[in-house]
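Following: one structure in structure tokens, then a few remarks.
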Amino acid sequence: LHWSTKLLSPASLIYITFLPNSSWGKEMMELYNHYNRLSKEATEGQEDHGEEWTRLPSYNRTLKYATGGAYLSKIIQSKARLFTRNIRDPGAAFEYVLFFRQDKLKCVCIFQAGHLLEGPPGHVHGGAIATMIDTVTGTHASLLSAPVMTANLNVNYRSPIPLGSTVLIESILDKEDGRKMYISCRVTSTDGSKLHTEATGNFKSGKLFIIKHYMCINCKFYLNNFT
Ligand SMILES: CCCCCCCC(=O)SCCNC(=O)CCNC(=O)[C@H](O)C(C)(C)COP(=O)(O)OP(=O)(O)OC[C@H]1O[C@@H](n2cnc3c(N)ncnc32)[C@H](O)[C@@H]1OP(=O)(O)O
């Protein structure tokens, strides 16, 4: 088992989920190893290693405590889980890992869609695809500045994704306009030959927004680990 130790603090240990797990197929593992190698090269400080990538830690919570603007009861807080990490059965739903390029202009997510994500028979539910797109592009926007909210997400479904398959979700920063970020995203087969989904998103961040929505005693934790 590998887990991310790079950005860990003792307080964050409870949020980590193990990556990879036994459900990961050959394609998922090969791609994971590929980007992990590029990430290691980056952290080892070699000079000529092409694109430098960093693997994001895998959490099942965004924040330990959400208070203030979020108005959550303690019970809800303690039970809250990140939507994409709330099923314990490995391989059943969203299996994914996210890497971002050092210049933060590009993110790549390797996503294996489990059997609980069925929409049309044998294929992935459009809402599950949109969820992953929102996760990747939203995380990308957060990396660029601070926690964000999705203001707008446009999704074009081009070809169905077979259930159980592994796909690549790549996001690119198109434009930054003050506190607004415009990010586009493509979901393709792992060799890039088949386009499954295209999307564009508009995300909003800002000091007031953070105070209103993310007021928390552990906000530093979030910022430290997602920026
Ligand atoms: C670890 C996992 C990370 C995953 C990240 C996932 C992120 C999410 O899914 S968030 C959940 C879904 N999103 C939401 O619930 C958001 C709900 N909406 C809101 O809270 C607000 O409408 C919010 C924050 C988007 C904008 O609020 P606010 O800043 O007050 O808007 P407002 O002042 O009217 O507009 C600010 C700017 O944004 C633009 N804007 C606002 N809404 C939109 C929109 N829907 N589409 C396009 N542009 C918009 C406005 O045009 C304006 O632009 P400009 O400054 O050029 O005039």
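Where a number appears in this text, it was derived from the coordinates with a stated rule and is not lab data. The structure presented is a predicted model; accordingly, all values stated were derived computationally and were not measured. Glycine also receives a Cβ, built like all others from the backbone with ideal geometry; neighbour counts cover every protein chain displayed.
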Quick one: count up the residues across the range 81-123 that are assigned to a loop (DSSP other than H, G, I, E, B), in contact (Cβ under 8 Å) with a residue 60 or more places away in the chain and within 16 Å of the ligand (Cβ to nearest atom). 1
Inside the range 171-183, the number of residues satisfying the requirement of being in contact with a helix residue (DSSP H, G or I) (Cβ under 8 Å, 6 or more places away or on another chain) and either on the phi > 0 side of the Ramachandran plot or surrounded by fewer than 17 Cβ atoms within 10 Å (Cβ to Cβ) (or both) is 2
If you scan the range 126-168, which residues turn out to be over 16 Å from the mean Cα position of the chain (by Cα) and under 26 Å from Y182 (Cβ atoms)? G126, A151, N152, N154, V155, N156, Y157, R158, S159, I161
Looking at (1) within 13 Å of the ligand (Cβ to nearest atom); (2) surrounded by fewer than 18 Cβ atoms within 10 Å (Cβ to Cβ), which is the one condition that is false for V136? (2)
